[in-house]
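Heads up, the thing below is written out as structure tokens.
The values are calculated or read from the model by the stated rules, or taken from the named source; none is laboratory data. What you are looking at is a predicted structure, and each value in this text was computed from that prediction instead of being measured. Every residue, glycine as well, gets a Cβ built from its backbone with ideal geometry; the counts of neighbours run over all protein chains shown. Heads up: the accessible areas ignore ligands, DNA and RNA and are worked out on the full protein's heavy atoms, side chains in. Shrake-Rupley method; radii C 1.70, N 1.55, O 1.52, S 1.80 Å.
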Amino acid sequence: MGVVTRAQAKRMRSGGPDLISLLPDEILGSIISLLPTEQGARTQILSSRWRPLWRSAPLNLEPYGLASSIDEDVVSRILTEHRGVARRFKAPPHILDGDPATLDRWLRSPALNNLQELRLYFPPFVLPMLPIPQSAMRFMSTLRVAHFSCCQFAVDAACRIHFPNLHYLSLFSISISDDCLRTVLAACPALDKFDLEYCFYISPKPTIPASTLCFSSTLRVARFGQCQFPDATALKVHFPYLQHLELRMVTISERSLHAMLSSCPALNSLMLTGNFGFRKFVINSLKLKRVGMYFGRSNTEIELEELIVVNAPCLEILHQRGPFEGNMRISIVSAPKLKILGRLTDNISKLELGTTVFEGPRAIRVATTMRSVKVLALRLHSLSLHMAINFMICFPCLEKLYIKTHVATENMRLHNSLGRNECLDFHLKKLRIKHYLGKGSHLAFAKFFVLNASVLESLVLVVGPEMEESDWWIENQRRQLQLEKRASIACEIKFSSDDHSSYHRDIQEQDPFD
């Protein structure tokens with residue numbers, strides 16, 4: 001980096017050249033390459049000093065969004081005029097919706113020589129699916145990341161496949177034969193991240209080939225979707241270094257699922273999304289830190305009914321989300337490091353936390369305290385202060401409570417033995433209530449925490465847009481909540497129509513693979 005002289009600094013203070021423009025071309029080029037394509041190109045208008053930089057900076061060609069001003073002509077002109085090395089080429093559906101010959105011409109451009117990252121997103125719902133151009137194979141020796149979406153993946157039999165440097169291969173919503181898949185995977189000796197999701201509108205779902213599940217001893221992250229795992233295949237799985245596994249819209253038996261997980265001794269993160277074929281899922285793992293489970297309602301498939309955490313000494317996040325009407329049974333026997341738990345519902349037929357037992361919204365016995373839990377998410381048909389207090393007794397060190405509800409009843413029953421509450425007095429800092437209606441049980445619930453949560457820092461009440469925009473309604477709410485009597489003078493009360501919950505950020509911050 002060059003040294004700024006006193007004379008230069010004086011000129012800058014008097015409106016002279018800016019400091020960043022004094023940096024060497026190589027550094028400025030690296031900065032420009034980190035910007036989105038359109039913003040990077042606009043740096044040419046800053047000054048004569050910047051005008052030639054973009055054309056020689058490392059090329060990251062990424063047209064974003066359907067409203068992007070980068071069309072086929074602009075892409076062609078960039079590839080013709082750019083003189084810098086190629087790093088990334090990403091083409092979304094609105095670019096690839098034209099003549100396939102155009103894509104083939106782009107991929108053969110000398111500007112993309114030594115390309116490291118290739119992402120092609122073909123238009124969805126197009127039949128027959130468009131094939132990947134054979135010209136994409138010319139980057140085999142240099143690619144580190146390859147992502148192909150909504151296309152037909154086939155390789156010319158005469159083409160010798162070898163991806164020596166490929167670390168991440170993503171095949172999303174694709175059509176690919178077993179032989180082709182086997183050939184591609186065998187050609188990726190350094191692969192450590194692999195996504196395979198078949199086209200979702202193919203019926204019946206393809207059966208995943210056994211070769212896919214035992215091809216690489218280097219694999220660290222794997223995601224599989226829209227397929228079936230037969231017992232004979234799943235029982236042969238062996239991923240000795242796999243740390244993150246995700247199954248999405250997969251049909252797999254209970255026996256195969258547990259056998260598959262036991263064959264991943266290093267696994268610390270597991271995501272199950274919309275899977276079927278098993279009624280019981282047992283977590284018995286010494287390494288698992290994060291488990292996320294998302295299920296929909298099906299009238300035809302076998303679906304999850306019981307979740308049991310037998311022994312999970314490293315488990316920190318347990319997040320499950322099923323249909324609102326679901327009545328799953330949950331039992332947590334041993335999870336001493338559990339920090340984030342959700343979303344529990346009042347439709348759960350039975351919840352056992354050690355020796356504490358809940359049946360639906362009613363606590364039969366509150367005997368176990370889980371002091372490790374800091375974040376709790378609840379989805380309740382109607383707010384129950386009695387239930388919330390029972391959870392705070394069970395989780396005395398709770399710091400964040402997220403609640404999604406719907407119905408506002410007129411009566412709010414208080415806890416029978418409400419006295420000093422460690423959670424309310426010393427720990428609860430954030431409370432968020434989604435679908436807050438400002439009356440009945442909703443108003444009483446929020447008011448209770450305003451008046452009793454001694455260290456509360458943030459109370460967010462998610463309301464409809466018409467309520468958020470009504471100054472009279474918000475002022476009336478503040479008066480009824482008796483904010484002048486709040487237990488925590490530092491508490492900020494916010495009415496918002498923003499549907500985004502920081503609960504999801506709490507989960508993601510703990511997951512390095514998200």
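Cα atoms only, segment 144-296: Rg and Dmax in Å?
Final numbers for Rg and Dmax: 15.0, 47 Å.
Can you flag which of K289/K400; K374/K447; K90/K236; K400/K439 are past 30 Å Cα-Cα?
Going by Cα-Cα distance, K90/K236 fall outside the 30 Å limit.
Rounded to a whole number, what % of the accessible area of segment 243-314 do carbon and sulfur atoms account for, probe 1.4 Å?
The computed percentage sits at 50.
Any idea of the accessible area per residue across segment 166-215, 1.4 Å probe, to the nearest Å²?
I get 37 Å² per residue for this part.
What are the radius of gyration and Dmax of segment 124-164, computed over its Cα atoms and given in Å?
Gyration radius and largest Cα-Cα distance of segment 124-164: 11.5, 33 Å.
Could you tell me which GluC sites (Glu not before Pro) in segment 420-514 are loop residues by DSSP with no more than 16 other beta carbons within 10 angstrom of their beta carbon?
Passing sites in segment 420-514 are E457, E469.
What percentages, rounded to whole numbers, describe P(r) for segment 239-394 computed over all alpha carbon pairs with 10 Å bin width beginning at zero?
So the P(r) values, bin by bin, are 10, 42, 35, 12, 1.
Which cross-chain or sequence-distant (5 or more) residues have an amide H under 5 Å from the amide H of L196, H modelled 1.01 Å from N in plane?
The answer is L171, R223, F224, G225.
Taking H as built 1.01 Å from N, whose amide H comes closer than 5 Å to the amide H of F276, not counting residues under 5 places away?
Hits under the 5 Å cutoff: V250, T251, I252.
Can you give the three extents of the C-alpha atoms in segment 322-382 along their principal axes, from longest to shortest, in whole Å?
Rounded to whole Å, the extents work out to 30, 22, 17 Å.
Provide the FRET efficiency to the nearest 0.05 for the F125-E484 pair, computing r from the beta carbons and using R0 = 45 Å.
Working: r = 57 Å, r/R0 = 1.27.
That pair, F125 with E484, gives E of 0.20.
Roughly how many percent of the accessible protein surface of segment 106-151 is carbon and sulfur, given a 1.4 Å probe and a whole-percent answer?
Summing carbon and sulfur atoms, their accessible area is 60 percent of the total for segment 106-151.
Consider just the alpha-carbon atoms of segment 85-227 and return their Rg together with their Dmax, both in angstrom.
Values for segment 85-227 (Cα only, Rg and Dmax): 14.5, 44 Å.
Just to be sure I follow: if Rg is taken over the C-alpha atoms of segment 302-412 and Rh is the Kirkwood radius over the same atoms, what is Rg/Rh?
Dividing the radius of gyration by the Kirkwood radius yields 0.94.
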